[in-house]
Amino acid sequence: MWIIKKLVHLPVKYIYVLIIGLFTSGVQAQADTLELNLRVYGEVYYGIETSGTTPDQRLPFVYNHSRNNAFAVNLGMIQINADHANYRFRLGMHGGTYVQDNYAGEPEMLRYFSEASAGLNLTSSGKLWLDAGIFPSHIGFESAVNTENPTLTRSMIADLSPYYSCGAKLNWKPNEKLELEALVLNGWQRIAPIPGNTLPSFGTRATYTGASSKLNWSTFIGPQGANAVREMRYFSNLFYTQNIGQRFKIIADVDAGIQERINGIGAFNRWIGLAAIFSAQLGKRSSIAVRGEWFGDQDDVVASFILLGADAATGVSLNYDRKIASGVQWRTEAKWTAFKEDPNNLLFPLKENSFFICSSILVDLNRYLH
């Protein structure tokens with residue numbers, strides 16, 4: 001545990017030097033047994049929304065497909081993965097409107113790393129691994145890469161919880177069905193630690209995978225301010241997926257969090273989010289998905305509903321996917337979001353309900369390097 005804490009609080013530049021150094025030496029020494037995989041991903045989209053903070057910007061809590069009435073690149077990424085029986089490396093760079101919006105609070109030189117991590121196998125069985133660096137978040141069923149998600153746009157619970165993390169994690173897979181993970185992190189979706197904070201954050205993940213289902217529970221605990229103002233955050237995410245035959249799938253997700261108030265001893269602000277998705281494969285090339293969701297945050301802890309004169313939102317969307325070629329996909333989604341008026345908000349008038357339609361072309365190519 002002492003080693004993990006030291007890794008988390010190392011200056012980030014030293015972590016990068018360690019990762020790149022290990023990667024270079026590993027390739028030279030074990031090139032004959034090292035498996036390399038190159039991934040190239042890109043997504044171009046165009047969307048129109050009836051309500052936004054500015055004519056060219058969508059709702060303030062949206063971090064994916066956030067530009068309005070304009071062609072834009074949501075995410076472009078190139079990543080190389082190296083896997084050996086005893087170690088592994090991940091190094092990826094990215095850009096796009098998602099990066100501009102979601103990484104705005106990070107130091108500029110760090111924003112363009114989608115992933116930069118190194119891992120060591122701690123047992124001869126290969127069931128226990130220690131990884132350190134920048135890696136995808138352990139929370140939720142949706143990721144920044146669109147081809148890994150059931151819908152084109154993200155659920156509110158995805159945009160309002162971490163997409164990435166920085167720190168160290170211990171992953172244990174005792175059998176084929178159960179996977180357990182413990183994490184020490186720099187904070188809630190942070191690469192660089194919070195200025196003035198010396199306390200790490202912690203997370204856990206437990207995943208059980210059955211023949212046609214998956215149950216996942218993830219947690220987070222950590223300070224949201226400097227040492228003098230801790231504002232401890234406690235968060236839980238639970239989702240369940242169920243395949244019905246070869247064509248249908250159901251996903252249900254619930255997020256819940258509490259956070260200490262600055263001037264309230266023993267008092268907490270709360271938020272909760274719900275989402276359900278039903279998807280169906282129409283043929284070899286086409287599929288659809290329907291989503292319903294609700295998010296309540298009357299204390300404006302993670303959602304900027306205050307700017308809309310609201311304290312909760314309900315959303316419904318319909319998604320259509322079409323496979324164009326191997327690694328190339330066309331996705332279109334229509335989404336309607338209604339806002340519940342906050343009677344205590346006298347500063348901002350309630351904006352009209354939002355209707356958003358978006359279309360996107362995605363390219364996701366993988367190549368094994370020998």
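The values are calculated or read from the model by the stated rules, or taken from the named source; none is laboratory data. On a predicted model such as this, the values are computed, not experimentally measured, just so you know. Because the Cβ atoms are built from the backbone with ideal geometry, glycine has one as well, and the counts that use them run over all protein chains shown.
The table that follows gives values for the structure above.
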item: Qualifying residues in region 295-321 (those that are under 26 Å from GLU148 (Cβ atoms) and among the hydrophobic types (A, V, I, L, M, F, W, C)) - the one surrounded by the fewest Cβ atoms within 10 Å (Cβ to Cβ); result: VAL316
item: Close pairs (9 angstrom Cβ cut-off, 6 or more residues apart or separate chains): closer than 11 Å to ASP101 by Cβ and assigned to a strand (DSSP E or B) in region 62-75, modelled with pLDDT of 90 or more and of a type in the set (Lys, Arg) anywhere; result: ASN74/ARG67
item: Filtered residues of region 224-250 (kept if in a loop (DSSP other than H, G, I, E, B), surrounded by 15 or more Cβ atoms within 10 Å (Cβ to Cβ) and not small (Gly, Ala, Ser)); result: GLN224, ARG230, GLU231
item: Among residues of region 108-136, those that are part of a loop (DSSP other than H, G, I, E, B), over 19 Å from the mean Cα position of the chain (by Cα) and not small (Gly, Ala, Ser), counted; result: 3
item: Residue check for ALA72: surrounded by 16 or more Cβ atoms within 10 Å (Cβ to Cβ), small (Gly, Ala, Ser) and under 29 Å from ARG291 (Cβ atoms); result: yes
item: Subset of region 291-317 that is of a type outside the set (Gly, Ala, Ser) and touching a Leu at 6+ places or on another chain (Cβ under 6 Å) - its residue that is nearest to LEU59 (Cα to Cα); result: VAL302
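To keep it simple, each residue is scored yes or no on (1) crowded, with 18+ Cβ neighbours inside 10 Å; (2) of a type in the set (Gly, Ala, Ser); (3) under 23 Å from PRO162 (Cβ atoms).
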position: SER279; (1), (2), (3): yes, yes, no
position: LYS323; (1), (2), (3): no, no, no
position: THR332; (1), (2), (3): no, no, no
position: THR337; (1), (2), (3): yes, no, yes
position: LEU369; (1), (2), (3): no, no, no
